[in-house]
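A.B. asks: For reference, the structure I am asking about is given below.
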Amino acid sequence: MSTRNRVTRPEPERTHPIRSWSTLFGAAEGDAGRTDVVSRSVDLAYRVVDEYIRQGQKAAQRLSERSYAPEAMARDVQELTTRMGQYASDFMALWFELVGMAATGAAGRQAPARDDAVRPAADRPSPRRDDAVPDALAVPAGVRIEVASTRPVEVQLDLRPEAAGARLLIHALRAVDPDKPRLTDVVLEAASANEPARLRIGVRDDQPGGVYTGLLIDERTSRPVGTLSVRIVAAA
Amino acid sequence: MPLATPADPVPGLLREYGNLTRVALCDYLGPRAPQRHLYAPVADYPRRGGRMLRPTLCIATARAFGASPEEGLRSAVALELFHNAFLVHDDVEDESDERRGRPTLHALHGVAVAVNVGDALALLGLRALIDNRRSLGPRLTMRVLEEAERMARESIEGQALELGWRRDNAVALSDADYLEMVLKKTCWYTTIYPSRVGALIGTGSDRDLDRFIRFGFLLGTAFQIQDDLLNLAGDPRRYGKERDGDIWEGKRTLMLITLLRRASADERARLAAFLGEPRRERRETDVRWIRERMEVHGCLEYAREVAHGLAGAAHHECGALYAGLPDSRDRRFIEALPTWVLART
């Protein structure tokens, strides 16, 4: 065993790790003034941005807890109407596709790509002459979606080509969690001579947030021809 | 996380995604009537070049989170159009003479035409966002539009703060006032919005987007301070704006705010009198004096230190945001940005 003294490093003067933003970019060590400016400015910057984010979160919380005084309700209804208009226009193009397929007996063809399905007709390439919808089938087009909810709701309706012209049924929607109550207020009214098909969804205030799904059934064949998915934002 | 080396991937990706964006921009800047008083000047600023930082950050963030470049492209084009719309209006509001090495649009065509061109650029940006439907579908397109609405609102609120300071000749401003103004005016559309929209497109989800505010703010503020330093000390041929133009405009930069704080009572009075004059009545001798006082009071050095600190903090935030993602050129580009903003000349 060696009797020589081990070579050891001297004890550092610092008592804790040096964590300074300035040294990241090679600032001279020991430049106390500089480090001070950097530390104070970074600290101030974090305070400014954290306060900004906190204000934003407070505003968002206020919005989610908004009261249902008549004025606030009117605003909500206005938003709801806008959303419904958006849904209706999104599904309009899909409905045109379906009616077109029914008219040419092409219901068994593969469904169009999802992106194409929701693209407004004006953006799509012009249909070939033999794909065009005959005038005799110019029935009211589109699916009118009406949502009654005090919370934001996202609705996704996927229909297979076989759904065209079929009389459809839909039952209560279920969540993945079996403990959550079903979403029962879902009604699908068939299109009439003057009115497009109408899907009505009512969300109770005590309905837990989450995604609820259900099948659309062809009444004649009892086969599923589409799905309906409703995402309800959880109450604040 | 190691710091990016000077040989970082920033210039390469700026070139690549910048070119991609420039090509797609042509869809919106093509020759149309009326040419002389609208579409020719509309195409002027976008064709003068630029670093393409904003569109590149948008596409790189989208790609880092798994999207294809095409999915981020229309949002990137929209950003560039919005950026140019802001520049046209800013130049009018600031009475600037030069932009990217040439006379400003209002100097060439008059204020009325320039304001109309700025409006047109903003609307073309909106068109590009609506065109997202083809690659992103209706839901994500609407979310990107909502983000754009917020970005535009934050930017004009920040611009209002700065214009108000100039109009009221505010001289008792703190660093916190400056940071708040830059957060809104610069950071939202330069770094926060491109990052948030890129993440939105890449993940398809708008969860946790507030995380990008902190990173974008720290990075964007370092970028802005460095930009203002270049206006005082950079090479005007490379920088593209008139030297000391910010002093001529009375712009409340960090250096000017620091000078107002550090100057003697007499100096502050002279400075306040200069800032209270309309731009056309300001004299070159005063501009030179202010520039010299900034040096004497260490205002440029102070601003450089603050920029370094904020870039370091941005680098730290970047690690928290992107460390879990697979290694890619896009991720390396984002990680190298805090170093790059300081190395610009």
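A.B. asks: Tell me, Kirkwood radius of the stretch B:6-158 from alpha-carbon pair distances, in Å?
C.D. replies: 16.1 Å
A.B. asks: May I ask you to compute the full-extension gain from A:Arg174 to A:Arg54, defined as 0.36 nm times their residue separation minus their alpha-carbon distance, rounded to one decimal in nm?
C.D. replies: Here the answer is 39.6 nm.
A.B. asks: Now a separate question. Computed FRET efficiency, Cβ-Cβ of B:Arg262 and B:Arg134, R0 51 Å: what is it to the nearest 0.05?
C.D. replies: The calculated FRET efficiency here is 0.40.
A.B. asks: What list do you get for A:Val225, B:Val77 if you sort them by fewest beta carbons within 10 Å?
C.D. replies: A:Val225, B:Val77
A.B. asks: Still on this model: Nearest 500 deg cm²/dmol is fine: what mean residue ellipticity at 222 nm does chain B get from its DSSP H runs of n ≥ 4 alone, each adding -39,500 (n - 2.57), divided by its residue count?
C.D. replies: Taken over chain B, the calculation gives -23500 deg cm²/dmol.
A.B. asks: Could you line up B:His297, B:His308, A:His171 from fewest to most neighbouring Cβ atoms inside 10 Å?
C.D. replies: Final ranking by Cβ density, sparse to dense: A:His171, B:His297, B:His308.
A.B. asks: A further question on this structure: Return the Cα extents of the stretch B:213-345 along principal axes one, two and three, sorted largest first, each rounded to a whole Å.
C.D. replies: 56, 31, 23
A.B. asks: Please report the equivalent ellipsoid semi-axes of the stretch B:1-71, computed as sqrt(5 x eigenvalue) of the Cα gyration tensor, largest first, in whole Å.
C.D. replies: Each semi-axis is √(5λ); the values are 31, 14, 8 Å.
A.B. asks: A follow-up question, please. What's the exposure ranking of B:Ser328, B:Ser174, going from fewest to most Cβ atoms within 10 Å?
C.D. replies: B:Ser174, B:Ser328
A.B. asks: With just the Cα atoms defining each centre, how far is the stretch B:85-156 from the stretch B:255-317? Give it in Å.
C.D. replies: 30 Å
A.B. asks: Once the mean 1/r over all distinct Cα pairs of the stretch A:134-232 is inverted, what Kirkwood radius in angstroms do you read off?
C.D. replies: Hydrodynamic radius (Kirkwood, Cα only) of the stretch A:134-232 equals 14.4 Å.
A.B. asks: Let me ask something else about it. With the alpha-carbon atoms as the only input, what is the per residue convex hull volume for chain B in Å³?
C.D. replies: Hull volume over Cα atoms, normalised by residue count, gives 124 Å³.
A.B. asks: Follow-up question, since we're still on this one. Between A:Arg144 and residues 5 or more places away or on another chain, which pairs have amide H atoms under 5 Å apart, with H built 1.01 Å from N, and which residues are they?
C.D. replies: A:Ala197, A:Arg198, A:Leu199
A.B. asks: Given 0.36 nm per residue, what is the gain on full extension from A:Arg182 to A:Gln61 after removing their alpha carbon distance, in nm?
C.D. replies: Roughly 40.8 nm would be gained on extension.
None of the figures in this text is laboratory data; all of them are computed from the coordinates on show. Just so you know, these numbers come straight off a predicted model, no measurement behind them. Quick reminder, even Gly has a Cβ in these numbers, built from the backbone with ideal geometry, and neighbours come from all protein chains shown.
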